[in-house]
Structure formats: C-alpha cells, structure tokens
C-alpha cells in the first residue's frame, strides 16, 4: 500500500490513520490529510470503501454519519462519507469514474445512509449498487431521467432547455 500522509506522527489521529490503513488493500494508494486536531480526511479507492468503513464504524466507533457528499471534479466524481465518533470527524473520500459512476451501497453498514445515497444518486447520477431504493427523492416528478443537476457540465440554460423540451413532449402526448 502506498500512503501519502500529511499529519502528525503520533497522537489519536495518527492511531486512527494507522488502524484504517490496515484495511486498505496492498498496492492501493491512500491519501491522508489532517488539517487540524480531531479532523481527518482519508482518500481511499472504491474497492476499499466497505472494509475501511466497516472497520471505522464497528471497531473505531465512527457510527454517526453526518452526511454523504457528492462532488463533480470535472475529470472524475467523488463521494465523501462524513463520520464522527463524538470526538473526531473523519471524512472518507472515494473517487468514482465520471463515465460509469458506481459504488457499493453502505446501507448494510450504516442504515442512515439510505436517504443520503438517494440524494447523491439523484443529483449526481452516482449509482449505489445494492441500494434497496434509489427512487427520486428531491426533484419534481417530471424531472427528465438522466439529467443530474449538480454535474458541472450542466448549465442553467441547458437545464431550462431540456426541461422545456420534456414538457413540450409530455403536452404533445395528451
């Protein structure tokens, strides 16, 4: 395993990082950033999400999921799992391919992830494989399928145009 580490060599944060890294596959690269005390960002490959998250929740006590964030970084997408153990905030950052954005669901580890995954799916188009229900959550019922409003390649003008076309199509069918 290759690590890129920006943080202290000792203390609670270093212990957490060392424990987490023991669950990252050999040959994988993990990037760790500790910008301040009690705040960790750990970037891991998608293949390591479930073992690292399971260990963080069950063994290290990071059982509170604050939210799941989706990011469009233009060349790729990223999903961030924001966890807390009551003392330390841990954000697991997982990159996903833009042309086929897929991750395994973590609902089996953190049931509270269900709504967050639905939101990220609906707004970014990231598919959480194995999720029990990725039905739309926030957008209007007539929102066009495959149009993800938080992706950077969409402009307000493009969204308005697609919505106008979809409405015109629906009205012509009546």
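What follows draws every value from the coordinates through simple rules; no lab data is involved. On a predicted model such as this, the values are computed, not experimentally measured, just so you know. So basically every Cβ, Gly included, is an ideal-geometry build from the backbone, and we count neighbours across all protein chains shown.
A few points about this structure:
- The residue that is surrounded by the most Cβ atoms within 10 Å (Cβ to Cβ), counting only those in the stretch 36-49 that are more than 12 Å from the chain's Cα centre (by Cα) and assigned to a helix (DSSP H, G or I), is 48.
- From the options 79, 120, 162, 106, residue that is in contact with a helix residue (DSSP H, G or I) (Cβ under 7 Å, 6 or more places away or on another chain) and not in a loop (DSSP other than H, G, I, E, B): 79
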